[in-house]
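**Q** Structure provided below as C-alpha cells; questions to follow.
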Amino acid sequence: MEKMLKNCRLCPRRCGIDRYEKSGYCGTGAEILGAKACLHQWEEPCISYKNGAGTVFFSGCGLHCCFCQNNSISSDIKGKSITVNQLGDIFLRLRDSGADSIELVTPTHFAPQIISALDMVKNQLGIPVIWNSGGYELPETIELLNGYIDVYLPDIKYYSPQVSAKYSNAPDYFEYASEAVLKMTEQVGKLTYNSEGGLVRGTIIRHLVLPSHRHDSMKILDWIAENISPENALLSLMSQYTPFEHVPENCPELRRRVTKMEYNSVVRHADELGLKGFMQEKTSASAEYVPDFDFSGL
C-alpha cells in the first residue's frame, strides 16, 4: 500500500504525487477521508432492495466534474480522517444495522486502504461489496480489486472528448471509462441475484443525462449495446441532474435541468436498443436528494 501512495498512479491522472507528503490531483493525501456512512435506500432497487445499501461516502475525487452535486466533498474536500481499522469497523457496523450491501462511493483514490480494510473483514460481511465510481479508472486498479468487489456500479459520463474536457478536464474520459467497464464486466461476470432479488454479482452502468447533451448520451448507449452483453450488465439511466451555484459561468447550458423531451428521447433510444435496467423518474432532479455530509456513521 505504501508504495502505491508514494508515487500515486491509481487513476488515469497518474499524478505521481507522494501522498504521504501532499495531496494528489484527487485532493487527498494518504489518510482516508470519509464524509458519511449510512443506510442508503434510494439506490437501484436490486441494490437497496430491503433495508438499503450500507454506503460509505469518501471525500476527494479524481474527476472534479464542474457540476458535481457532491461538490462539498469531491472538490472542497470536506471530510473526516479515519484509519484502516476504523473503516473495517464501519463496514461491520453497517452490516449489523441490516445493510443489503457495502457500497463504496468515489473510492478509487483510497483503493489500497479499502483493500486493507476488506482484508480484515470481508470474510465476515456476508453481503456484497459495491464499487460506485465515476468510471475514470485504470485497468490496473480494477485488477487490484479482483476478489474484493462483487458488484461494480460505474458511471459512463461522457462520450465526446470535448465535453469531458470542458466539464471534467479529462479529454480521455471515454477511452478509460469504456476500457474500465469492459474490465469490470469481465471480472465479475454474469448478473447474479439472491432469493430476494438483490444483486450479489455483476455490473450496473449508470449514465446521467445532461442538459443539451442528449446526443452524447445516445452515443454512450450505442456503445453499451454493441459491447456489453445484457447478461453481464444493467443500464441505470438517470434524470437527476440539478444545477448548483458552483457551475462555472462558461457552462451556461448546465444552469438548467434536463427537459422532459431530452430525457424521454434518451429513454426511447435505450428501449430501441433493447437495453434493460432502470430509468429514473424526472422528479429525482432535486437538491433534496443530496446527502447531508455531516460525518455521521464514521
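Computed from the coordinates by the stated procedures, all read-outs in this text should not be read as laboratory data. From a predicted model like this one, the values you see are computed outputs, not experimental measurements. A quick note on method: Cβ atoms are made from the backbone with ideal geometry, for glycine too, and the neighbour counts reach across all protein chains shown.
**Q** Quick one: if you stick a label point 7 Å off each Cα along the C-beta vector at LYS219 and ARG9, how many nm between them?
**A** 2.9
**Q** How big is Rg to Rh over the chain, alpha-carbon atoms, Rh as the Kirkwood inverse-mean-distance radius? Intermediate results must be reported in sequence, preceding the final value.
**A** Details: Rg = 18.0 Å, Rh = 19.2 Å.
We get a ratio of 0.93 for the chain.
**Q** Need one number: nm distance between label points at ASP292 and THR83, each 7 Å from Cα along Cα→Cβ, rounded to one decimal.
**A** Distance between label points: 3.0 nm.
**Q** Where nothing but the Cβ of Lys and Arg (+1) and of Asp and Glu (-1) is charged, how large is the charge dipole of region 1-99 around its Cα centre, in debye to the nearest 20?
**A** 200
**Q** Could you grab the relative contact order for the chain? Cα pairs under 8 Å, six or more apart, rounded to a whole percent.
**A** Reported relative contact order: 17 percent.
**Q** Next question. Return the distance in nm (one decimal) between the two label points of a simple spin-label model at TYR193 and GLU272, each offset 7 Å from Cα along Cα→Cβ.
**A** For TYR193 paired with GLU272, the spin-label model returns 2.8 nm.
**Q** If you find the alpha carbon centre of region 122-159 and of region 33-69, how far apart are they in angstrom?
**A** If we compute the Cα centre of each part, the gap is 13 Å.
**Q** Could you identify which residue out of HIS109, HIS215, HIS207 has the top mean-square fluctuation in a GNM of the chain using Cα springs shorter than 10 Å?
**A** HIS215
**Q** Let me ask something additional. Sum up the charges of everything whose Cβ sits under 9 Å from the Cβ of PRO139, counting Lys and Arg as +1 and Asp and Glu as -1, but leave PRO139 out.
**A** Its environment carries a net charge of -3.
**Q** In addition: Let's see if you can work this out: charge +1 on each Lys and Arg Cβ, -1 on each Asp and Glu Cβ, no other charges. What is the dipole magnitude of region 32-289 about its Cα centre, in debye to the nearest 20?
**A** 540
**Q** Within the set of other residues whose C-beta is less than 13 Å from the C-beta of VAL163, count the net charge using Lys and Arg as +1 and Asp and Glu as -1.
**A** Details: positive: LYS157, LYS166, ARG214, LYS219; negative: ASP172, ASP216, GLU253.
Its environment carries a net charge of +1.
**Q** Taking the alpha-carbon distance from LYS6 and a cut-off under 20 Å, which aspartates and glutamates remain once sequence neighbours fewer than 8 residues away in the same chain are dropped?
**A** Partners within reach: ASP18, GLU21, GLU31, GLU137, GLU140, GLU143.
**Q** In the structure shown, do any of LYS50/LYS78; LYS157/LYS276; LYS80/LYS122; LYS22/LYS78; LYS3/LYS36; LYS36/LYS157 have a Cα-Cα gap over 20 Å, and if so which?
**A** LYS50/LYS78; LYS80/LYS122; LYS3/LYS36; LYS36/LYS157
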